[in-house]
Amino acid sequence: LPPLIALLSIDDRDLQEHAAAVLRNISVNTENDQMLVQEGALEPLIRLLSSPEKRVQEQVSGCLRNLSVSNSNKQRIASLGGIPPLIALLSSPHEEIQGQVAMVLQNLSKNVDNRYRMVEEGCLPPLIAL
């Protein structure tokens, strides 16, 4: 996993997209969630939410959707600064990304602390606008 996760930090959007897609597929199996997090996948995934490339955003948000199902990852994603870029993507012109991000935020909101953080970060107006 480390070489695959390292590809997320290479300045090549195609590699980032493909690496995120593989991680997204791996993250479908909940047994892999903790392994991905332990190997350091969350930080680069959260950073790539701000990628200007739609395909990267879509793969990354899909991977985070899968990872955010885990209770332990809900808090980790928020504490690593994942909420602001997720909120920003609610305003994406691409419905696929909006849908993925809305599901990540729904998963994160199952943690009470995250609910307050999401409201403080301004999550409600863009959600209502959908």
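The values are calculated or read from the model by the stated rules, or taken from the named source; none is laboratory data. Keep in mind it's a predicted model, so treat the numbers as computed, not measured. Quick reminder, even Gly has a Cβ in these numbers, built from the backbone with ideal geometry, and neighbours come from all protein chains shown. We work out accessible area using only protein heavy atoms, side chains counted, and drop any ligands, DNA or RNA first. Shrake-Rupley method; radii C 1.70, N 1.55, O 1.52, S 1.80 Å.
Solvent exposure of residue 69, expressed as accessible area, is near 80 Å², computed with a probe of 1.4 Å over the protein chains only. The residues neighbouring residue 99, those whose beta-carbon lies less than 11 Å from its own, together hold a net charge of -2 under the Lys/Arg +1, Asp/Glu -1 convention. Expressed as a whole percent, the accessible area of segment 49-130 that falls on carbon and sulfur atoms is 52 (1.4 Å probe).
The eigenvalues of the Cα gyration tensor, multiplied by 5 and square-rooted, give segment 75-130 an equivalent ellipsoid with semi-axes of 18, 11, 10 Å from largest to smallest.
Where the alpha-carbon atoms of the chain are placed on the principal axes, they occupy 38, 30, 20 Å, in descending order.
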